[in-house]
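The values are calculated or read from the model by the stated rules, or taken from the named source; none is laboratory data. Being a predicted model, the structure only gives us computed values, none of them experimental. Reconstructed Cβ throughout: ideal geometry from the backbone, glycine too, with neighbour counts over all protein chains shown. Calculation scope for accessible area: heavy atoms of the full protein, side chains included, ligands and nucleic acids excluded. Shrake-Rupley method; radii C 1.70, N 1.55, O 1.52, S 1.80 Å.
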Amino acid sequence: MSLIRGSRTSGAATPPATPPDPLGELDSRNLRRLMPLLLAAYIMSFLDRTNIGLAKERLEVDLGISAAAYGLGAGLFFLTYAVSEVPSNLIMHRVGARWWITRIMLTWGVISACMAFVQGEKSFYAMRLLLGAAEAGLLPGILLYFTYWFRSETRGKAIGLLLLGASIASVVGNPLGGLLLEMDGIGGWHGWQWMFLIEGIPCLFLAVAVFRYLPDGPAKAPWLTAEEARLVQDEVAREQREGAAAAGNGSGTLRTVLRDKQMLLAIFANWTHQVALYSVVYFLPGIIGGWGHLSPFTIGLLTGLPWVTAAVGAVVVPPRATTPRRSRNFVVAGLLMMFTGLIVGAVAGPVIALLGFCFTGLAFFVVQPLLFNFPATRLAGKTLAGGLALLNTVGITGGFVGPYLMGYAEDTTGSHLSGLWVSVALLALGALAATRLRFSPKSE
C-alpha cells in the first residue's frame, strides 16, 4: 500500500484536465445536421447554372448560337442573379430560411429543366435571365443562415465545406453531363436537351426535403434543447456585436457598407476572382475540346480535373486561416496562384496547360470562403444581411463579365484562349487590393 501511495505522490503533478467546450460540441453537432442538406442544395445549384459549358459546342451546331452569343447568354444569368440577391436576403431575414430557400429551389428547378426547350438565341437569353432571378439568393442566403448558427472560426469551416459543393458538382457533373450528351437522338431529342431535363428535376425533390428538415434557426432545431439554442444564439450575437462595434458598423444601412473601405477592397478582390472563375467554368470544356477529337465524356472527365484540386484547396487551406494576417495572406496567395495557372493554361501545350488549370483550381475555394467570412467581422444585424448579399452580388457580376469577354474574344480572334488574358490582368489587381485587407477591426 505504501508503494501505491508513494507512486501517487511522487513525480510531477498531473496537469488539470482541459475543461469541456460546450460550444465546440454544439458547433460540431450543428454542422453534422445542417451541412448535408445545404451542401446538396449548393451542388445542384452550381450544376444547373454551369452545365451549359458542356453544351456550348452542340448549341452552336444545333441552334446556331455563336461563341459571343453563348458567352452573353452564360453571363446574363448573373445580371438578374445580382439584381435579385440583396432583396432576396432581406426577404429571408424577415420570413425565415426554410420557406425562402424552398421557394428558390422550386423555381430554379423548374426553369433549369425547361432549358431543354430553348429554340435559339432569344429564348436562350430569356431562360438564362429567368434562371438567374430564380436562383438568386441561395448562396448569400445560406451565408446569412450560417451567421445564425456559427461563430467566426466555425463559420469559415462551414463556408469552406459549402463551397466544396462546387467542386463536387463539377467533378461528378462534368462526366455525367458528357454521358447525357451522348443520348443524342433518343426520343428525337438532342443530348443537351436530355442533360438539362434530367439535371433539373432532382431540385424539386430536394426542395421538399429542405421544407421538411431545415429549421429557421437554433431555436427551432429539434436536436438542440432550449438552453443549448440560447447558448448558440447568445454567443453568435455577442461576437457580432463586438466586431460591429469595434468597426463602427453596429447599425446602419447599405450606405454603411459602401463607406467602409475595407468592405470595398473585399468586394473588388472577390469580383476579380469571380471573373476568372466563371471564365474557366464556361469555356474550359471548349478549350479542352479544341485539343483534339475527344468524346463528350472524355471532355467532361478532363474538365472535372481542376475541380479535384479545387476540393483539395477548399479542405486544406481555409481551416488554417486562424489569424487575420494568415487570412489576408491566403487570399493574396490564392489570387496569385490563379494568375499563374491561367498564364500557363494560355501559353502551354495541352498536358502542361491542363496542369496550369489544375493549379488555378487549387485556389478557387481558398479565396472565396475567407472573403465571405469577412463581413461578419465588421457588420451586424440587417447591415450584415445586406453586406453579405452585396459582396456576393458585385462578385457575381464577374460571372457576366468573364464569359462575355471570353466569347467576344473567341469570335474576334478565333482562339478559345485569348480571353484568359483579361482574367490574368484582373487577378493581378485583385491580389494587389487584397494586400490592404485587414481581417479584423482590431490592429494585428
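Observations on the structure shown:
- Cα gyration tensor shape of region 79-122, rounded if a/c is under 1.5, else prolate or oblate by comparing a/b with b/c: oblate
- Area accessible to solvent at I43, 1.4 Å probe radius, in Å²: 40
- Extension gain, S295 to R94: 0.36 nm times the residue separation minus the Cα-Cα distance gives 67.5 nm.
- Length available on full extension from E182 to I198: 0.36 nm per residue minus the Cα-Cα distance, which gives 4.4 nm.
- nm² value of the averaged projected area, convex hull over the Cα atoms of the chain: 26.0
- Each label was represented as a point 7 Å from its Cα along the Cα-to-Cβ direction; for T323 and F117 these points are 5.9 nm apart.
- For the chain, excluding the exposed loop sites themselves (trypsin sites (Lys or Arg not before Pro), DSSP loop, at most 13 other Cβ atoms within 10 Å), the longest remaining stretch covers 1-435.
- Rounded if a/c under 1.5, otherwise prolate or oblate - region 18-145, Cα gyration tensor axes: prolate
- Region 168-236: radius of gyration and largest Cα-Cα distance (Dmax), Å: 20.3, 60
- Each of L432, L231, L63 has its accessible area taken with a 1.4 Å probe; listed largest first, they run L432, L231, L63.
- Within a Gaussian network of the chain (alpha carbon springs, distance under 10 Å), most fluctuating of I288, I186, I65: I186
- For region 162-206, alpha-carbon Rg over 2.2 N^0.38 Å: 1.28
- Rounded to the nearest 10 square angstrom, H190 shows an accessible area of 60 square angstrom against a 1.4 Å probe.
- Screening the chain for whole DSSP H helices with an alpha carbon extent of at least 27 angstrom along the helix axis and a mean Kyte-Doolittle hydropathy of at least -0.5 yields 22-50, 67-95, 152-181, 261-289, 324-347.
- Charged side chains reduced to their Cβ positions (Lys and Arg at +1, Asp and Glu at -1) give the chain a dipole of some 1620 debye around its Cα centre.
- Close Lys pairs in the chain (alpha-carbon distance under 25 Å; sequence gap of 8 or more, or different chains): 8.
- Surface listing: T413, T435, T383 arranged by accessible area from highest to lowest gives T413, T435, T383, probe 1.4 Å.
- Measuring nothing but protein heavy atoms, the accessible surface of the chain at 1.4 Å probe radius is 66 percent carbon and sulfur.
- Region 290-373 - Rg (one decimal) and Dmax (whole number), Cα, Å: 14.4, 48
- The chain - mean residue ellipticity at 222 nm from DSSP helices (-39,500 (n - 2.57) per run, n ≥ 4, rounded to 500): -26000 deg cm²/dmol
- Cα gyration tensor shape of region 91-222, rounded if a/c is under 1.5, else prolate or oblate by comparing a/b with b/c: prolate
- Taking region 219-360 and dividing mean pair separation by its residue count, relative contact order in percent (alpha carbons under 8 Å, at least six apart): 15
- Of V86, V208, the order by accessible heavy-atom surface (1.4 Å probe, DNA, RNA and ligands excluded), from most exposed downward, is V208, V86.
- Per residue, the chain exposes 41 Å² of accessible surface when a 1.4 Å probe is rolled over the protein heavy atoms with every protein chain present.
- Separation between Cα centres of region 267-308 and region 76-91, rounded to whole Å: 25
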